[in-house]
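The values are calculated or read from the model by the stated rules, or taken from the named source; none is laboratory data. What you are looking at is a predicted structure, and each value in this text was computed from that prediction instead of being measured. Don't worry about glycine lacking a Cβ; one is built from the backbone with ideal geometry, like all the others, and counts go over all protein chains shown. These accessible areas exclude ligands, DNA and RNA; they are computed on the full protein's heavy atoms, side chains included. Shrake-Rupley method; radii C 1.70, N 1.55, O 1.52, S 1.80 Å.
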Amino acid sequence: ALQTPDAASPGAVEDDQARDIRSFRLAGKTAWNLGNRQTMEAGAFLNLKDLSHPVSRFFGFIDQENTDYGVFATLTKEWNLAGRLNRTRTGLMLQAGETDAQVFGNVRGSRAARLSRADQTAQTHTLFAENHFYLTPQWALVTGGQALW
């Protein structure tokens, strides 16, 4: 390691260790001025990922295909409260994901017999609210909360 710190270990070369990720991401967001000092933002996203990860003979060859997607929306409203600026922001985000996770034996960087397979799914639902009460034009008291499922 001291002589050639950039050189890979012989085992890593022999097992063709790598972590190759192909990813496609698509996202969009738009905003509307609703008048009366209100704005709404909404959007959606999609992420497709393919992981090819020959680790070692001991850990195997990890192969995963993953899809994540979601939508979100926020509403912001400003008004005067007790003669001071007050800004409230509320929002919702819905996310989900699915992964086809497989592990194969690793024979010199090539897939051997399949050792395991798992279909993994996840969902997250977030609802939040926050309030900014401006004590001065530069200082605000911020309160908020969120619920997650």
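The GNM of the chain, with springs linking C-alpha atoms under 10 angstrom apart, assigns the highest mean-square fluctuation among A82, A129, A44 to A82.
Arrange the residues D6, D20 by how much accessible surface each exposes, largest first, with a 1.4 angstrom probe.
Working: D6 155, D20 90 Å².
I get D6, D20, largest accessible area first.
Using the rule -39500 (n - 2.57) for each DSSP H run of four or more residues, divided by the residues of the chain, the 222 nm mean residue ellipticity is -500 deg cm²/dmol.
Find how much the distance from V107 to T4 grows on full extension, using 0.36 nm per residue of separation minus their present alpha carbon separation; answer in nm with one decimal.
Working: separation 103, 0.36 × 103 = 37.08 nm, distance 2.63 nm.
That works out to 34.4 nm of additional length.
Accessible surface of T121, taken over heavy atoms with a 1.4 Å probe and every protein chain present, rounds to 120 Å². For the stretch 58-149, applying the loop criterion from DSSP together with a ceiling of 11 other beta carbons within 10 Å to the trypsin sites (Lys or Arg not before Pro) yields R108. Label separation (L48 vs Q123): 2.4 nm, computed from points 7 Å beyond Cα along the C-beta direction.
Sorted on the mean count of surrounding Cβ atoms within 10 Å across their residues, most packed first, peptides 61-68, 94-101 read 61-68, 94-101.
For the chain, with every protein chain kept in place, what is the accessible area per residue (1.4 Å probe, Å²)? Could the numbers behind the result be given before it?
Details: 10510 Å² over 149 residues.
Solvent-accessible surface per residue comes out at 71 Å².
Measure off, as a whole percent, the carbon and sulfur share of the 1.4 Å-probe accessible area of the chain, all protein chains present. Mind showing how you got there, number by number?
Details: 5960 of 10510 Å².
Looking at the chain in its full context, I get 57 percent from C and S.
Ranking L26, L48 by solvent-accessible area of protein heavy atoms (1.4 Å probe, all protein chains present), from largest to smallest, gives L26, L48.
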